[in-house]
Every structure is written in structure tokens, then in C-alpha cells.
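The values are calculated or read from the model by the stated rules, or taken from the named source; none is laboratory data. Being a predicted model, the structure only gives us computed values, none of them experimental. Cβ coordinates were reconstructed from backbone atoms using ideal geometry, including for glycine residues, and neighbour counts include every protein chain displayed. Note: areas computed on protein heavy atoms with side chains; ligands, DNA, RNA excluded. Shrake-Rupley method; radii C 1.70, N 1.55, O 1.52, S 1.80 Å.
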Amino acid sequence: MGDFVFYFIALCTCVFSVLAVTQRDIFHCALWLALTLMSISGVYFYLDAAFLGVVQILVYVGGIITLFIFAIKLTAHMNDTSIRQTSKQWVISVFVTLLLLLVLFKVFARTSWAEIILKTDSTSINQIGLSLMTHYALPFEFMSVILLAAMVGAIVIGKEKK
Amino acid sequence: MIPLVYFIFLSAFLFCVGIYGALTRRNVIGILVSIELILNAANINLVAFNKYLGTPDGMGQVFSLFVIAIAAAASVVGLILIIAIYRDRKALFTDGFTLMKE
Amino acid sequence: MNIAHYIPLFPFLAFVINIFMGRRLKVASAYVSIAACVLAFIFSLLVFQGFSAGQGSYSLGTWLVINGKSLNFGVIVDPLTIMMLLIVTFIGCFILIYSIGYMHDDPRFSRYFAYISLFMSSMLGLVLADNFILLLIFWEGVGLCSYLLIAFWYERPAAAAAGLKAFITTRIGDTGFLVGILILFFACGTFHFTDLKSVTGPESLLTLAAILIFTGAMGKSAQFPLHVWLPDAMEGPTAVSALIHAATMVAAGVYLVARCFPLFSAHPMALQTVAVIGGISALMAATIATVNNDIKRVLAYSTISQLGLMMLGLGVGGLSAGTFHLMTHAFFKALLFLCAGSVIHAVGTQDIQKMGGLLSKMKITGATFCIGTLALAGVPPFAGFWSKDEILLTAWNNHHPILFVVALLTSFLTAFYMARLIFLVLFGSARSQLHAHESPLTMTIPLMVLSVFAAFAGFIGAPIKEVGMEAHGGSFLIMAISTVVSLTGLGLAYLLYIRRIVLIPVSSVSGLHNLLVNKYYIDEIYDYVLIKPCLRLCQGSFVFDAKIVDGLVNAMASITQFFSGLLRKTQTGLIQNYLFVQILSLVLLLIWLLKI
């Protein structure tokens, strides 16, 4: 049963992600991306990372995708489906990407995973909170600075010039 | 129990899809979408390893959080840049931006 | 107390002040230079006094050590140096004062005083240097200043060309000088003058070194065949001609030979060369001076002639005779140039055929001009008589009859052309409309002071030599001959230019006349034999450089440009192309590294 859930989620993720990069209409792309991200949050739930799954939905689907949709709507006439949406190098890109995938798979296949001692104790939200406030306090603070900088930068750039 | 390597395969696939998108989309927003996919691929790796290697302080998940935050910041700045470029040039296609050549 | 080395520092300080703050100082820059010069003169006097009490040469420290032989920053203090110090600073002072009047409305007034100060600094350093290398540095320094001051009015093409000519011509001599120094060092391992008395080495090598060193002196003192620059150097301000091209710098060559006299006297062939070159220069320049119509050029040829006479004096073995004439000549030639400057200042032309009757209009200048002329002509008891007589006497006593005759002939010609000069300029009637007026006091005071010295400086040397003269029976005879010859020259000029008696019609000697007017065609010969081929060589080199060297470089550039043009196509400017290459490279790198 548990295995089946994983296969289902993985399949969804793969299909949705391929659709997200190949759809002609950029608005549809954004919607497929939202679905992909939700599937990935499913992967997180499956991996006992419930907090992360929630954050994924809240931040990505609730925040970033919304932003995408705003941007798409603001640049409306770029999204006409009659306009070619893929660049001239797409055939060779398919080839190279597949080659990359092949190489990665071969590398994984060669790795002896059996040597890794698996432990399956899950991480609680409590632990994440503790880590963020103690061991990872400095990166955490940096993160807030980066977010602030991004916000200020976005406002400055986005301001209409007189 | 699903083996760890399956998650890695999933993540590699997502990564490659993201790369393909970044290489082929003409629309800059499409490229941003692809980048989000790449970041998520990395996240899946982090969370899976966190689970299977049992890091006591939840390092993988904490880093995933950071990645999500960075992705949010990158999207905000990227999208606002796109809007600024659009305002300026009324175009969003990468093959139109060859200013650096001259 | 060793203070001699401070002397050149004062003018150098004045140079620094004037070159950097000259625009703000304006006329005050002249006072800075004069103050520095006066201080240098006072220090020179102190050195003179100290020397009597037994001061000598000293070293300020080691400069280099070559093969275990040290080269010092040395200062030499002996009578020759002290004499030169006093001449340079004393005459320099008056020429600086004179320059205030002469240069008063020049736009580069302070620049002029800066250069003069630099010149004085270099000249004082030159006479104080106790080794060849140090001397050479200052030697080039005075050469530089000479160039700068000849070409001072560089807006005039003639002045710029004259500066270049002087620089290049003296440079030919300097090259020989440098080679000579190096040969000397190679032969006996010393640069120091004090070691010259006791040098030992291969005879032929030392003779060669001495002759090459004399080449430097030839260039600086404008001796045949390197004399061509001095007449052209008259393009510079007249005060400069007086200081540099009459009294001091051109005497540096004579000073050099005097300084190295032990080396020359030990090698008769070198000494003979000095005497012969001096004799040729003396006679040649004197003959040219008899027909020249430019007041300054007559004096310039006279300078060459007198320097030749000094060289002749040294060459026949008369160290004291040559240097004594150097001193007296410095006074009266500086005086004559300043007089000429005063005349030019007043009438605005240098052509003596257009002047005449100026004595009544410019009494002080005229009178001092006459005194200078008499001194140069060698009429007793003026300064020139004593020193010239000394040279004649030495030549006679040391059994050089031909050189004696040459010197005698030169003094005859000297008297003749100088008399011609003053008769045409000061006496007779004006030959053109000239509004002459006496020069300002700043110009006439130096004239008066220098004329006093031109008249009486000879007595400084005369009494000392009197003891020697008693020993030689012929000395009074030679004095008499010299006086008669001088007076004959004066008299001949009087007949020709005041009485206007035509002894020989010019047409009958037109060949000779043309030869003299054209200065023996030496400039033309140089032009044809040296300058033209040199220029042709330069043009050839230029074509070689432009076509072949530049062509090669350009070809390299074109090839690079061609290939970069090909490479440029890869720079599409499309970010996705770059990203694609990046990913492809990553894949290939992975394949290669992991050997999949």
C-alpha cells in the first residue's frame, strides 16, 4: 500500500513537471507547476516531513505561484499561444538532457547503496525549531536579511519611473 | 519500504526536466518555472537523505527550508526584473536579448 | 671646514625655486638667481681663503666600487678649480644683473633665470668634480643647459636648429670623451684626476685615451673640426652667449685639458695633437672673423680662435699660460659680448655694416667696448696682452717655431678683426637710420665692472711670471714683437675702415674672400659628407620600419583579427546558447571523469 502511494506520487510529479515545461501556454505551465509542487509536498509527507510539506504548499503554491500568475497576467500579450514558445535549440537540448539523465542514472546504479546504514527515525517539528534557533541561527538570520533585501530590491526595481 | 535510490532517481528526473526547460523555453517566465523545478529536485534529495540517514538535528529539512526561502527571494526578484524588462522593451523572449553581444 | 661642495647647491636651489615658482615670482626670480650666485661667490672666496691655509681635496663618500677600486663623490680643490670657481661666480653675477635689463620684457623671464642657475650649478660642479665620471655628468649638464639656452627662443626656427646643432655636435665629442675615459680606466684602472700624475699603462693606449678625452674638449670648446656649432649658438640671448659661449662653458674643454695635463704631458703625441688642433682652430676662426658682418658671430669666431690659442698654449706645454689666458679671456670676452648685447639692444640689428658712429650715442657701452677690444687685441697693458704673451713665450721657449708663427699670425688677425669691428660699429658715420640710446643701468654697471677687470686682470698673472721672464733673454723681444704685431693689425684696420684706403681691391682676392665668407665651406662639406647620407640612412630605416617591421606587426594583428572574427561568431549573446554549452560540457566532463 505504502509503496503504491509513492509510485503514484512519483508518477504524478514526473508527468506534471514534464507538462509544466512543455506546455505552449505559459499560464497553463504555471498551473502545472503548482500541481508538480503539490505532488512534491506529497513526497515530503511520504518521507515524514510534514512540516516541510505544509511549508511547500504555503510558500510555493500559495505565494510563488501566485506571483507567477501575476507576472504572466501583467505581460499578457507575450502569452499568445500562436507565438513560438520553444527556442531553436530544443532538439539538441532533448538529446543533451537525456544524455545527462542517462549519466546520472548510471552513476546512481554504480553506487553501492547497500553500504549505507539506514535509520528511519523521523525528524520532529520540535527538532527543526530547535535547530533553527540554535545550531542554524546564523544562516537563519542571513536568510531573513536576504528576504528583506529581495523585497526592497523588488520594490525599487518595480517602481514606475517618472 | 521504498529504497533511497528511488527518491534519487525521481530527483534526477525532475532536475533534468528543469534543465530541459531552462534550455528551451523562450519565455523568461518559463525559465523561472524550470528553475523552480531544479530547486525542488534538490529539496527532494535533501529530505530523502535526512530521512534515510537519520540526521538527529534535522539538517536536511532545515536546508530545504532555506532553499525554499531562497527560491522565494529569487522568484520575487526574477519576476520583478521580468516586469521591468517588459515595461522597457515590450518583449520577454530570450533570443531578443542580445545586448551583451554589442 | 670643507665647504666647497656647497657652492653648486646654491644655484641649483635657485633653479628649483625658479622652475617651480617662476610664474609667481616674476621679476623676483632674477633676484633669487643673483642671491644664489652671490652666495656661491662668497663661498668660493672662503674656499680660496681656506686653500691658502692648506685645504685640499676631499671626498664626500664612496659612490661605486669597481673591481675593488672605489669611485668617490670627490671634490678637488686646487688653484685651477678655485680660479674657475671665482670666474664662474663672479662673471656669472654680473651677467645675471645684466640679464635683468636685457631680458626685461621676455615672456619666459623666470625660465631664463632657472636655466642660467642650472647652468651655473652644473658648471661649478664640473670644476669641483675630482673624477672623470662625476665630471662627465656635469659636463652633460652644462651641455643640456647650453642647448636649452641656445634654443631659448625656440619659436625661431634658426634658434631651434642651432640648439640641435650644438647638442649633436658636442655629443660627437662627448662620445669620444666617454670612450677615452673608459680606455683610461681599462689601461690604468682609475677615474680620479689625482691619480693621473702616476698612471702607468701601455703607452699607445694612454695616448689614445688622452686624444679621445681631448675630443670631448674639442666638442665643448668648439675646436676644429667640431667648431661649427658655436657661431650658430649666437641665436641664443646675448647674455647667454657671454656667459656660456664665451666665458665659462666653452672654456670647460680647456679646463679639461688643463685638468688632465699630467696625462697629456706624459704623452708627447697627445700634446702635439692638442697644439695642432688649437693652432688650426685659432688661425681658421680668426680668418673667418675678418670678413663676417654679424657682430655676435665675429665675437663667436673670435672665441673659437682664442680657445684655439689656449689649446695651443697648453699643447706647447704651457699649463699656466693656457689657464691664464682662459681667465683673462673670460673677462674680456664676456665684456665684449655684453657690449655687443647692449649695442643690439639699442639698435635692433646685428649687421655691423648697418651700424656706425655709435660711440657718441652710447658712451659707456662704446668706451667699455673699446677697452674689451684692446684687451683682446693684446695691446699692453690690457689683460689680453699678458696672457697672450705668455703663450707666445712658451711656444718660443719650447721650440715650436711653426706654432709660434701661427699664434703670432692669430694675434695679428685678432687685432685686425677686432679693430674692424669697433671701427664699423662705434666710429665713422651711421650707415642706416638707427635710433640708438644708452642701455639701462642694470646693463651698463656690469659693463663697467668687467671692463675694469678686462683692463687690469693681466697684472694678477704678470708679476708672478716676471721672475721667470728674467731667466729667458728672449722674453722682452717677444713682448715687443707681440705688441708690434697687435698695433700693426689695429693700424691696418684703421687704414681700411676709417681712412677707407683700398690697399688691395676685393675683386682681386674674391676667391679668398668667398672662401672666408663661406667659412671654408665646412658646413657645406659636413652637410654633403655627413648629414645628407645620415638623413638618407634615416629615411631608409624609416621605410624599413614602416613597411617591414610595422608590416610584420600589422600582419600579426590581422591574423589575430581574422581568427577572433571566426571565434566571435560563437558569442551569440543568447544566454541559452551559453547555458547549453555549459550543460553539454558538464555531461562530457562527467562521462570523461567517471569513465562511463
- Would you tally the residues in region B:5-42 being open to solvent by less than 10 Å² (accessible area, probe 1.4 Å), out of contact with any Leu (no Cβ under 8 Å at 6 or more places or on another chain) and more than 7 Å from chain A (Cβ to nearest Cβ)? 1
- Message: Can you go through C:Val298, C:Val291 and tell me which one is at pLDDT 85 or above, open to solvent by 10 Å² or more (accessible area, probe 1.4 Å) and either out of contact with any Ser or Thr (no Cβ under 7 Å at 6 or more places or on another chain) or of a type in the set (Lys, Arg) (or both)?
- Response: C:Val291
- Among residues of region C:73-97 being surrounded by fewer than 19 Cβ atoms within 10 Å (Cβ to Cβ) and not hydrophobic (A, V, I, L, M, F, W, C), the residue farthest from C:Thr444 (Cα to Cα) is C:Asp78
- Query: In the list C:Ile66, C:Ile42, which residue meets the criterion of being of a type in the set (Val, Ile, Thr), at pLDDT below 80, surrounded by fewer than 19 Cβ atoms within 10 Å (Cβ to Cβ) and over 21 Å from C:Leu338 (Cβ atoms)?
  - Reply: C:Ile66
- Message: Need the failing condition index for B:Leu53 against (1) surrounded by fewer than 21 Cβ atoms within 10 Å (Cβ to Cβ); (2) over 23 Å from A:Ser124 (Cβ atoms); (3) modelled with pLDDT under 90, just the number.
- Response: (2)
- region C:373-390: number of residues that are part of a loop (DSSP other than H, G, I, E, B) and not aromatic (Phe, Trp, Tyr): 4
- Query: Being open to solvent by 50 Å² or more (accessible area, probe 1.4 Å), modelled with pLDDT under 80 and part of a helix (DSSP H, G or I), is that true of even one residue in region C:485-506?
  - Reply: yes
- Task: Filter region C:180-216 down to residues that are open to solvent by 20 Å² or more (accessible area, probe 1.4 Å), under 30 Å from C:Ser241 (Cβ atoms) and without any contact (Cβ under 8 Å) to a residue 60 or more places away in the chain, then give me how many there are.
- Result: 2
- Item | Within region C:73-192, helices (runs of 4 or more DSSP H) holding 2 or more residues that are within 30 Å of C:Gly50 (Cβ to Cβ) | C:79-102, C:109-128, C:132-150
- Message: For the structure I just gave you, tell me whether A:Val18 is within 16 Å of the chain's Cα centre (by Cα) and at pLDDT 85 or above.
- Response: yes
- Item | Odd one out for C:Asp550 among (1) open to solvent by less than 70 Å² (accessible area, probe 1.4 Å); (2) in contact with a helix residue (DSSP H, G or I) (Cβ under 8 Å, 6 or more places away or on another chain) | (2)
- Residue pairs qualifying under the 8 Å Cβ cut-off, at least six apart or on distinct chains, with the first in region C:507-530 being of a type in the set (Phe, Trp, Tyr) and the second being not in a helix (DSSP H, G or I), are C:Tyr526/C:Val228
- Message: Can you tell me which of (1) closer than 30 Å to C:Leu164 by Cα; (2) modelled with pLDDT of 85 or more; (3) open to solvent by 60 Å² or more (accessible area, probe 1.4 Å) is the one C:Pro533 doesn't meet?
- Response: (3)
- If you take the residues of region B:54-99 that are among the basic types (Lys, Arg) and assigned to a helix (DSSP H, G or I), which of them is farthest from the other protein chains (Cβ to nearest Cβ)? B:Arg89
